[in-house]
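The values are calculated or read from the model by the stated rules, or taken from the named source; none is laboratory data. Computed from a prediction, not measured in an experiment: that's the story for all the values here. FYI the Cβ positions are ideal-geometry reconstructions off the backbone, even for glycines, and counts take in every protein chain you see. To get the accessible areas, we keep the full protein, side chains included, count just its heavy atoms, and leave off ligands, DNA and RNA. Shrake-Rupley method; radii C 1.70, N 1.55, O 1.52, S 1.80 Å.
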Amino acid sequence: MAIITEEPEPEQPTHSRSQISPTKPNNNPFSFWFYFTLSVSLFTLFFVFTSSTLSPQDSKTWFLTLPSPLRHHYSNGRTIKVQTHPDETPLQVFTLQEGPTSSENILIVHGQGLSSYSYRHLAKSLAANGLHVTSLDLPGHGFSDNSVEVSVEGGANGVFGRFWYVYSEIQERGLFWAFDQMVETGQIPYEEIQARMSKRKIRKPIDLGPQEMGKVLGEVIDSMGLAPVHLILHDSALGLSADFVSERAELVRSVTLIDTASSTKGAFPVWALEVPVVREVVVGVSFVFAKVVGLCCSKRVGVADSEGSRALLKGRDGRRAVVNVGKRVNSSFDLAEWGEGLKGVPMQVVWSAGWSEEWSREGHRVASALPQAGFLTHSGGRWAQEDAAVEIAEKISQFVLSLPKSIRKVEQESTPEHVQKMLDEAKSSGHDHHHHQSPDHGHGHDHYGDAHIHGANYMDAYGLGHGHHGW
(Lines give C-alpha, C1' and ligand atoms only; values in the text may rest on other atoms or scores of the structure.)
Protein backbone atom coordinates (compact mmCIF):
# COMPACT_ATOMS: atom_id res chain seq x y z
CA MET A 1 0.00 0.00 0.00
CA ALA A 2 1.47 3.21 -1.06
CA ILE A 3 1.77 6.01 1.48
CA ILE A 4 1.32 9.46 0.06
CA THR A 5 3.08 12.19 2.00
CA GLU A 6 2.63 15.86 1.24
CA GLU A 7 5.92 17.66 1.11
CA PRO A 8 5.91 21.24 2.27
CA GLU A 9 6.35 23.82 -0.47
CA PRO A 10 9.74 25.51 -0.49
CA GLU A 11 9.65 28.95 1.04
CA GLN A 12 10.01 31.79 -1.39
CA PRO A 13 12.86 34.11 -0.49
CA THR A 14 11.56 37.40 0.82
CA HIS A 15 13.25 40.64 -0.04
CA SER A 16 12.93 43.85 1.79
CA ARG A 17 11.92 47.02 -0.04
CA SER A 18 15.39 48.36 0.42
CA GLN A 19 16.94 45.32 -1.27
CA ILE A 20 14.71 45.56 -4.31
CA SER A 21 14.91 49.32 -4.86
CA PRO A 22 18.48 49.47 -6.19
CA THR A 23 17.56 47.19 -9.09
CA LYS A 24 14.74 49.45 -10.19
CA PRO A 25 15.52 52.62 -12.08
CA ASN A 26 14.53 55.82 -10.36
CA ASN A 27 12.65 57.96 -12.83
CA ASN A 28 11.80 60.70 -10.37
CA PRO A 29 12.67 63.99 -12.19
CA PHE A 30 12.65 66.00 -8.98
CA SER A 31 15.95 64.44 -7.83
CA PHE A 32 17.77 65.70 -10.90
CA TRP A 33 16.40 69.22 -10.55
CA PHE A 34 17.16 69.26 -6.83
CA TYR A 35 20.83 68.46 -7.34
CA PHE A 36 21.07 70.76 -10.38
CA THR A 37 19.56 73.67 -8.48
CA LEU A 38 21.81 72.97 -5.50
CA SER A 39 24.92 72.95 -7.70
CA VAL A 40 23.97 76.19 -9.46
CA SER A 41 23.19 77.84 -6.12
CA LEU A 42 26.54 76.88 -4.61
CA PHE A 43 28.34 78.00 -7.74
CA THR A 44 26.52 81.36 -7.71
CA LEU A 45 27.23 81.86 -4.01
CA PHE A 46 30.92 81.31 -4.68
CA PHE A 47 30.98 84.05 -7.30
CA VAL A 48 28.94 86.39 -5.15
CA PHE A 49 31.42 85.85 -2.31
CA THR A 50 34.39 86.67 -4.55
CA SER A 51 32.70 89.37 -6.64
CA SER A 52 34.57 92.16 -4.87
CA THR A 53 37.84 90.96 -6.35
CA LEU A 54 36.61 89.33 -9.56
CA SER A 55 34.67 92.29 -10.89
CA PRO A 56 34.80 96.07 -10.64
CA GLN A 57 32.77 97.61 -7.83
CA ASP A 58 30.55 100.62 -8.22
CA SER A 59 32.76 103.65 -7.52
CA LYS A 60 30.28 105.39 -5.24
CA THR A 61 29.63 102.27 -3.18
CA TRP A 62 33.34 101.57 -2.96
CA PHE A 63 34.12 105.11 -1.82
CA LEU A 64 31.47 105.03 0.92
CA THR A 65 32.98 101.83 2.32
CA LEU A 66 36.46 103.36 2.67
CA PRO A 67 37.84 104.17 6.13
CA SER A 68 37.23 107.80 7.09
CA PRO A 69 40.98 108.73 7.01
CA LEU A 70 41.09 107.68 3.34
CA ARG A 71 38.03 109.74 2.46
CA HIS A 72 39.51 112.73 4.29
CA HIS A 73 42.75 112.28 2.34
CA TYR A 74 40.80 112.28 -0.93
CA SER A 75 38.88 115.43 0.00
CA ASN A 76 42.15 117.35 0.47
CA GLY A 77 43.48 116.54 -3.00
CA ARG A 78 42.60 117.20 -6.61
CA THR A 79 42.60 115.23 -9.84
CA ILE A 80 44.23 116.34 -13.08
CA LYS A 81 43.99 114.88 -16.56
CA VAL A 82 47.03 113.41 -18.29
CA GLN A 83 47.34 112.01 -21.81
CA THR A 84 49.54 108.95 -22.29
CA HIS A 85 48.43 108.25 -25.88
CA PRO A 86 47.04 110.76 -28.42
CA ASP A 87 44.09 108.57 -29.43
CA GLU A 88 43.07 107.45 -25.95
CA THR A 89 40.89 109.00 -23.28
CA PRO A 90 42.86 111.09 -20.76
CA LEU A 91 43.54 109.50 -17.39
CA GLN A 92 42.55 111.05 -14.09
CA VAL A 93 45.55 111.33 -11.74
CA PHE A 94 45.05 112.16 -8.07
CA THR A 95 47.46 114.68 -6.52
CA LEU A 96 47.79 116.32 -3.13
CA GLN A 97 49.88 119.34 -2.14
CA GLU A 98 51.25 120.54 1.19
CA GLY A 99 53.38 123.50 2.28
CA PRO A 100 54.20 126.99 0.98
CA THR A 101 54.04 127.32 -2.80
CA SER A 102 56.95 129.75 -2.92
CA SER A 103 59.43 127.19 -1.58
CA GLU A 104 61.35 124.34 -3.23
CA ASN A 105 59.08 121.84 -5.02
CA ILE A 106 59.13 118.21 -3.89
CA LEU A 107 57.41 115.38 -5.81
CA ILE A 108 56.95 112.05 -4.01
CA VAL A 109 56.61 109.04 -6.34
CA HIS A 110 55.33 105.98 -4.48
CA GLY A 111 56.29 102.35 -4.81
CA GLN A 112 54.55 99.09 -5.60
CA GLY A 113 51.07 98.63 -4.12
CA LEU A 114 51.20 102.03 -2.40
CA SER A 115 49.68 105.47 -2.94
CA SER A 116 49.98 109.07 -1.80
CA TYR A 117 48.07 108.07 1.35
CA SER A 118 51.06 105.99 2.43
CA TYR A 119 53.25 109.12 2.51
CA ARG A 120 50.89 111.59 4.17
CA HIS A 121 53.01 111.85 7.34
CA LEU A 122 56.21 112.27 5.33
CA ALA A 123 54.55 114.98 3.20
CA LYS A 124 53.31 116.86 6.29
CA SER A 125 56.75 116.66 7.91
CA LEU A 126 58.45 118.01 4.77
CA ALA A 127 55.87 120.81 4.55
CA ALA A 128 56.49 121.66 8.23
CA ASN A 129 60.15 122.17 7.26
CA GLY A 130 59.11 124.83 4.74
CA LEU A 131 59.01 122.76 1.53
CA HIS A 132 56.22 122.59 -1.05
CA VAL A 133 55.32 118.91 -1.36
CA THR A 134 53.25 117.22 -4.08
CA SER A 135 52.39 113.54 -3.80
CA LEU A 136 50.50 111.66 -6.47
CA ASP A 137 48.83 108.34 -7.15
CA LEU A 138 50.30 106.80 -10.27
CA PRO A 139 47.67 105.40 -12.70
CA GLY A 140 46.61 101.99 -11.44
CA HIS A 141 47.06 103.01 -7.80
CA GLY A 142 45.12 104.79 -5.11
CA PHE A 143 42.50 107.30 -6.26
CA SER A 144 43.83 107.64 -9.80
CA ASP A 145 42.20 105.75 -12.66
CA ASN A 146 42.72 102.01 -12.24
CA SER A 147 40.96 100.94 -15.43
CA VAL A 148 40.08 102.22 -18.89
CA GLU A 149 37.04 101.60 -21.06
CA VAL A 150 37.72 99.88 -24.37
CA SER A 151 35.45 98.74 -27.20
CA VAL A 152 35.58 95.05 -28.05
CA GLU A 153 34.26 93.71 -31.34
CA GLY A 154 33.44 90.08 -31.96
CA GLY A 155 32.19 87.39 -29.63
CA ALA A 156 33.96 86.25 -26.52
CA ASN A 157 36.85 83.93 -27.28
CA GLY A 158 36.84 80.38 -25.95
CA VAL A 159 34.64 78.62 -23.46
CA PHE A 160 36.01 80.59 -20.52
CA GLY A 161 35.47 83.92 -22.33
CA ARG A 162 31.85 83.07 -23.06
CA PHE A 163 31.30 81.85 -19.54
CA TRP A 164 32.75 85.09 -18.16
CA TYR A 165 30.49 87.11 -20.45
CA VAL A 166 27.42 85.20 -19.26
CA TYR A 167 28.51 85.77 -15.66
CA SER A 168 28.85 89.53 -16.30
CA GLU A 169 25.39 89.52 -17.86
CA ILE A 170 23.99 87.83 -14.75
CA GLN A 171 25.66 90.46 -12.58
CA GLU A 172 24.22 93.28 -14.67
CA ARG A 173 20.73 91.99 -15.50
CA GLY A 174 19.97 89.38 -12.86
CA LEU A 175 20.17 85.60 -12.59
CA PHE A 176 16.73 84.92 -14.07
CA TRP A 177 16.80 87.48 -16.89
CA ALA A 178 17.05 84.89 -19.67
CA PHE A 179 14.42 82.71 -17.96
CA ASP A 180 12.01 85.68 -17.81
CA GLN A 181 12.60 86.33 -21.50
CA MET A 182 11.80 82.69 -22.26
CA VAL A 183 8.53 82.92 -20.32
CA GLU A 184 7.50 86.15 -22.07
CA THR A 185 8.54 85.30 -25.63
CA GLY A 186 8.65 81.52 -25.59
CA GLN A 187 12.21 81.41 -26.89
CA ILE A 188 15.78 81.94 -25.73
CA PRO A 189 16.97 85.56 -26.37
CA TYR A 190 19.85 84.21 -28.43
CA GLU A 191 19.97 87.04 -30.99
CA GLU A 192 20.02 89.74 -28.32
CA ILE A 193 22.85 88.00 -26.49
CA GLN A 194 24.83 87.60 -29.72
CA ALA A 195 24.33 91.28 -30.61
CA ARG A 196 25.54 92.41 -27.20
CA MET A 197 28.55 90.08 -27.42
CA SER A 198 29.53 91.22 -30.93
CA LYS A 199 30.11 94.84 -29.95
CA ARG A 200 30.44 95.81 -26.33
CA LYS A 201 32.44 98.07 -24.04
CA ILE A 202 34.43 96.63 -21.23
CA ARG A 203 36.73 98.07 -18.59
CA LYS A 204 40.30 96.80 -18.54
CA PRO A 205 42.76 97.31 -15.70
CA ILE A 206 45.50 99.87 -16.33
CA ASP A 207 48.59 98.34 -17.93
CA LEU A 208 51.26 101.04 -18.18
CA GLY A 209 55.01 100.65 -18.34
CA PRO A 210 57.96 103.01 -17.70
CA GLN A 211 57.45 105.01 -20.91
CA GLU A 212 53.80 105.77 -20.15
CA MET A 213 54.53 106.50 -16.48
CA GLY A 214 57.27 108.89 -17.60
CA LYS A 215 54.70 110.79 -19.67
CA VAL A 216 52.42 110.94 -16.64
CA LEU A 217 55.17 112.42 -14.47
CA GLY A 218 56.12 114.91 -17.17
CA GLU A 219 52.55 116.13 -17.60
CA VAL A 220 52.00 116.39 -13.85
CA ILE A 221 55.17 118.48 -13.44
CA ASP A 222 54.33 120.69 -16.42
CA SER A 223 50.64 121.23 -15.65
CA MET A 224 51.26 121.98 -11.96
CA GLY A 225 54.28 124.20 -12.63
CA LEU A 226 56.66 122.17 -10.45
CA ALA A 227 59.84 122.38 -12.52
CA PRO A 228 62.59 122.20 -11.46
CA VAL A 229 61.46 119.57 -8.99
CA HIS A 230 63.19 117.53 -6.30
CA LEU A 231 62.16 113.91 -6.92
CA ILE A 232 61.69 111.40 -4.09
CA LEU A 233 61.59 107.88 -5.53
CA HIS A 234 60.65 105.01 -3.24
CA ASP A 235 60.69 101.25 -3.77
CA SER A 236 59.80 100.32 -7.38
CA ALA A 237 59.42 103.99 -8.40
CA LEU A 238 63.00 103.98 -9.70
CA GLY A 239 62.18 101.22 -12.20
CA LEU A 240 59.15 103.17 -13.41
CA SER A 241 60.73 106.62 -13.65
CA ALA A 242 64.43 106.07 -14.42
CA ASP A 243 63.88 106.66 -18.16
CA PHE A 244 61.91 109.82 -17.45
CA VAL A 245 64.69 111.24 -15.25
CA SER A 246 67.27 110.54 -17.97
CA GLU A 247 65.17 111.98 -20.81
CA ARG A 248 63.76 115.01 -18.95
CA ALA A 249 66.70 115.87 -16.69
CA GLU A 250 66.06 119.57 -17.24
CA LEU A 251 62.90 119.23 -15.11
CA VAL A 252 64.74 117.58 -12.21
CA ARG A 253 66.60 119.56 -9.52
CA SER A 254 67.67 116.57 -7.38
CA VAL A 255 66.86 112.91 -6.77
CA THR A 256 66.44 111.11 -3.44
CA LEU A 257 66.21 107.31 -3.57
CA ILE A 258 64.52 105.69 -0.56
CA ASP A 259 65.01 101.92 -0.29
CA THR A 260 64.90 101.43 -4.04
CA ALA A 261 67.12 99.16 -6.09
CA SER A 262 67.35 98.36 -9.79
CA SER A 263 67.50 94.62 -9.12
CA THR A 264 64.19 94.39 -7.24
CA LYS A 265 60.68 95.21 -8.36
CA GLY A 266 59.32 96.18 -4.99
CA ALA A 267 58.98 95.04 -1.42
CA PHE A 268 55.37 93.85 -1.66
CA PRO A 269 55.18 90.49 -3.53
CA VAL A 270 53.08 90.86 -6.69
CA TRP A 271 52.42 87.13 -6.83
CA ALA A 272 50.36 87.43 -3.63
CA LEU A 273 47.96 89.63 -5.59
CA GLU A 274 47.94 87.41 -8.67
CA VAL A 275 47.64 83.74 -7.63
CA PRO A 276 43.98 82.63 -7.43
CA VAL A 277 42.62 81.97 -3.93
CA VAL A 278 45.80 83.47 -2.40
CA ARG A 279 44.91 86.90 -3.76
CA GLU A 280 41.35 86.70 -2.42
CA VAL A 281 42.61 85.81 1.04
CA VAL A 282 45.40 88.42 1.09
CA VAL A 283 43.19 91.30 -0.07
CA GLY A 284 40.03 90.08 1.63
CA VAL A 285 41.34 89.38 5.15
CA SER A 286 42.92 92.29 7.00
CA PHE A 287 44.93 90.03 9.35
CA VAL A 288 46.54 88.16 6.42
CA PHE A 289 47.32 91.38 4.56
CA ALA A 290 48.97 92.85 7.66
CA LYS A 291 51.06 89.69 8.07
CA VAL A 292 52.30 89.87 4.45
CA VAL A 293 53.25 93.53 4.94
CA GLY A 294 55.03 92.68 8.19
CA LEU A 295 57.02 89.85 6.62
CA CYS A 296 58.00 91.57 3.37
CA CYS A 297 57.78 95.32 3.83
CA SER A 298 57.79 96.82 7.31
CA LYS A 299 57.35 95.43 10.80
CA ARG A 300 55.93 98.67 12.21
CA VAL A 301 53.24 99.64 9.72
CA GLY A 302 50.19 100.86 11.63
CA VAL A 303 46.66 99.52 11.29
CA ALA A 304 45.47 102.67 9.49
CA ASP A 305 48.23 102.40 6.87
CA SER A 306 47.72 98.67 6.34
CA GLU A 307 43.93 98.95 6.12
CA GLY A 308 44.17 101.96 3.84
CA SER A 309 46.40 100.15 1.36
CA ARG A 310 44.22 97.05 1.47
CA ALA A 311 41.02 99.06 0.88
CA LEU A 312 42.53 100.77 -2.17
CA LEU A 313 43.54 97.40 -3.60
CA LYS A 314 40.09 95.87 -3.12
CA GLY A 315 38.01 98.22 -5.25
CA ARG A 316 37.91 99.52 -8.84
CA ASP A 317 40.28 96.91 -10.28
CA GLY A 318 43.01 98.13 -7.93
CA ARG A 319 44.55 94.71 -7.37
CA ARG A 320 44.70 93.76 -11.04
CA ALA A 321 46.07 97.17 -12.05
CA VAL A 322 48.88 96.91 -9.46
CA VAL A 323 49.76 93.45 -10.80
CA ASN A 324 49.88 94.75 -14.39
CA VAL A 325 52.07 97.73 -13.51
CA GLY A 326 54.30 95.61 -11.28
CA LYS A 327 55.07 93.29 -14.18
CA ARG A 328 56.10 96.23 -16.34
CA VAL A 329 58.65 97.70 -13.90
CA ASN A 330 62.08 97.96 -15.48
CA SER A 331 64.27 96.00 -13.08
CA SER A 332 67.12 95.16 -15.44
CA PHE A 333 68.64 98.53 -16.32
CA ASP A 334 72.23 99.34 -15.40
CA LEU A 335 72.16 101.57 -12.31
CA ALA A 336 75.79 102.72 -12.74
CA GLU A 337 75.20 103.66 -16.37
CA TRP A 338 72.02 105.51 -15.39
CA GLY A 339 73.89 107.49 -12.75
CA GLU A 340 76.73 108.23 -15.15
CA GLY A 341 74.31 110.10 -17.40
CA LEU A 342 73.06 112.21 -14.49
CA LYS A 343 76.33 113.49 -13.04
CA GLY A 344 75.01 117.02 -12.95
CA VAL A 345 71.95 116.06 -10.87
CA PRO A 346 72.47 116.05 -7.07
CA MET A 347 71.53 112.69 -5.51
CA GLN A 348 71.25 110.97 -2.19
CA VAL A 349 70.36 107.44 -1.10
CA VAL A 350 68.37 106.92 2.12
CA TRP A 351 68.27 103.28 3.24
CA SER A 352 66.78 101.14 5.98
CA ALA A 353 69.51 100.13 8.41
CA GLY A 354 67.61 97.55 10.44
CA TRP A 355 65.57 95.52 7.97
CA SER A 356 68.12 92.79 7.23
CA GLU A 357 71.84 92.33 6.60
CA GLU A 358 71.12 91.39 3.00
CA TRP A 359 69.12 94.58 2.46
CA SER A 360 71.86 96.67 4.04
CA ARG A 361 74.38 95.16 1.63
CA GLU A 362 72.02 96.03 -1.23
CA GLY A 363 72.00 99.63 -0.03
CA HIS A 364 75.79 99.84 -0.12
CA ARG A 365 75.78 98.29 -3.60
CA VAL A 366 73.39 101.00 -4.80
CA ALA A 367 75.53 103.70 -3.20
CA SER A 368 78.69 102.36 -4.85
CA ALA A 369 76.94 102.38 -8.26
CA LEU A 370 76.11 106.07 -7.70
CA PRO A 371 79.37 107.58 -6.42
CA GLN A 372 78.00 111.14 -6.70
CA ALA A 373 75.18 110.30 -4.26
CA GLY A 374 75.36 110.70 -0.50
CA PHE A 375 74.40 107.66 1.56
CA LEU A 376 72.26 107.89 4.73
CA THR A 377 70.35 105.36 6.79
CA HIS A 378 67.05 105.46 8.65
CA SER A 379 65.42 103.33 11.34
CA GLY A 380 62.24 102.37 9.43
CA GLY A 381 61.41 99.39 7.23
CA ARG A 382 61.41 99.01 3.47
CA TRP A 383 57.82 100.05 2.81
CA ALA A 384 56.35 103.55 3.12
CA GLN A 385 58.54 104.47 6.14
CA GLU A 386 55.60 106.14 7.86
CA ASP A 387 57.03 104.85 11.13
CA ALA A 388 60.14 107.01 10.49
CA ALA A 389 58.52 109.92 8.62
CA VAL A 390 59.98 112.72 10.74
CA GLU A 391 63.48 111.23 10.64
CA ILE A 392 63.44 110.80 6.85
CA ALA A 393 61.88 114.25 6.33
CA GLU A 394 64.77 115.83 8.24
CA LYS A 395 67.35 114.12 6.01
CA ILE A 396 65.53 115.13 2.83
CA SER A 397 65.00 118.71 4.02
CA GLN A 398 68.65 119.18 4.92
CA PHE A 399 69.71 117.85 1.52
CA VAL A 400 67.27 119.97 -0.49
CA LEU A 401 67.84 123.20 1.44
CA SER A 402 71.61 122.80 1.19
CA LEU A 403 71.42 123.16 -2.59
CA PRO A 404 71.37 126.56 -4.35
CA LYS A 405 67.84 127.89 -4.62
CA SER A 406 66.01 126.71 -7.71
CA ILE A 407 65.31 129.16 -10.51
CA ARG A 408 61.75 128.66 -11.63
CA LYS A 409 61.07 128.75 -15.33
CA VAL A 410 57.91 130.74 -16.01
CA GLU A 411 56.52 129.71 -19.35
CA GLN A 412 54.57 132.41 -21.14
CA GLU A 413 51.24 131.34 -22.53
CA SER A 414 50.76 132.18 -26.18
CA THR A 415 48.48 135.21 -26.62
CA PRO A 416 45.11 134.27 -28.17
CA GLU A 417 44.70 135.31 -31.78
CA HIS A 418 41.81 137.76 -31.23
CA VAL A 419 43.70 139.52 -28.41
CA GLN A 420 46.87 139.75 -30.51
CA LYS A 421 44.82 141.33 -33.30
CA MET A 422 43.55 144.00 -30.92
CA LEU A 423 47.09 144.64 -29.69
CA ASP A 424 48.28 145.14 -33.27
CA GLU A 425 45.41 147.52 -33.97
CA ALA A 426 46.20 149.45 -30.78
CA LYS A 427 49.82 149.83 -31.84
CA SER A 428 48.92 151.01 -35.35
CA SER A 429 46.46 153.61 -34.02
CA GLY A 430 48.51 154.57 -30.97
CA HIS A 431 49.22 158.08 -32.33
CA ASP A 432 45.50 158.82 -32.65
CA HIS A 433 44.83 157.77 -29.06
CA HIS A 434 47.14 160.53 -27.83
CA HIS A 435 45.11 163.22 -29.62
CA HIS A 436 41.50 162.00 -29.81
CA GLN A 437 39.03 160.76 -27.25
CA SER A 438 36.96 157.93 -28.70
CA PRO A 439 33.80 156.48 -27.16
CA ASP A 440 35.44 153.07 -27.36
CA HIS A 441 38.71 154.18 -25.78
CA GLY A 442 37.82 152.76 -22.43
CA HIS A 443 37.00 149.42 -23.97
CA GLY A 444 40.28 149.40 -25.78
CA HIS A 445 42.07 149.83 -22.49
CA ASP A 446 40.12 146.89 -21.04
CA HIS A 447 41.09 144.69 -23.94
CA TYR A 448 44.72 145.52 -23.35
CA GLY A 449 44.23 144.40 -19.77
CA ASP A 450 42.79 141.11 -21.04
CA ALA A 451 45.82 140.65 -23.23
CA HIS A 452 48.03 141.06 -20.19
CA ILE A 453 45.98 138.41 -18.39
CA HIS A 454 46.32 135.99 -21.31
CA GLY A 455 50.07 136.51 -21.27
CA ALA A 456 52.53 135.63 -18.52
CA ASN A 457 49.92 135.89 -15.72
CA TYR A 458 47.21 133.86 -17.46
CA MET A 459 47.49 130.86 -15.16
CA ASP A 460 47.45 132.86 -11.94
CA ALA A 461 44.65 135.20 -13.06
CA TYR A 462 42.27 132.33 -13.66
CA GLY A 463 43.16 130.41 -10.51
CA LEU A 464 45.22 127.73 -12.21
CA GLY A 465 48.58 128.60 -10.71
CA HIS A 466 50.58 126.90 -8.00
CA GLY A 467 48.16 127.74 -5.21
CA HIS A 468 45.01 126.36 -6.82
CA HIS A 469 43.67 123.21 -5.20
CA GLY A 470 40.23 123.05 -6.76
CA TRP A 471 38.57 120.10 -8.44
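For residue 159, indicate whether it is aliphatic (A, V, I, L, M), under 28 Å from the mean Cα position of the chain (by Cα), open to solvent by 40 Å² or more (accessible area, probe 1.4 Å) and modelled with pLDDT under 80. When the stated conditions are applied, residue 159 does not pass them.
When you scan region 113-122, do you find a residue that is open to solvent by 50 Å² or more (accessible area, probe 1.4 Å) and either more than 17 Å from residue 237 (Cβ to Cβ) or of a type outside the set (Asp, Glu) (or both), even just one?
yes
Within region 264-283, residues that are open to solvent by 60 Å² or more (accessible area, probe 1.4 Å) have Cβ atoms under 6 Å from residues that are part of a loop (DSSP other than H, G, I, E, B) in these pairs: 265/236; 265/329; 265/331, counting only partners at least 6 apart in sequence or on another chain. Being closer than 23 Å to residue 122 by Cα, surrounded by fewer than 18 Cβ atoms within 10 Å (Cβ to Cβ) and at pLDDT 90 or above: is that true of residue 376 here? Answer is no for this residue. The residue that is nearest to residue 390 (Cα to Cα), counting only those in region 311-352 that are among the small types (Gly, Ala, Ser), assigned to a helix (DSSP H, G or I) and in contact (Cβ under 8 Å) with a residue 60 or more places away in the chain, is 311. In the set 261, 237, 249, 290, only one residue is closer than 26 Å to residue 215 by Cβ and open to solvent by 10 Å² or more (accessible area, probe 1.4 Å); that residue is 249.
Quick grid of which residues meet (1) of a type in the set (Val, Ile, Thr); (2) outside any helix (DSSP H, G or I); (3) outside the structural domain of residue 123 (by the TED database):
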residue: 213; (1), (2), (3): no, no, no
residue: 217; (1), (2), (3): no, no, no
residue: 220; (1), (2), (3): yes, no, no
residue: 227; (1), (2), (3): no, yes, no
residue: 232; (1), (2), (3): yes, yes, no
residue: 257; (1), (2), (3): no, yes, no
residue: 276; (1), (2), (3): no, yes, no
residue: 288; (1), (2), (3): yes, no, no
residue: 307; (1), (2), (3): no, no, no
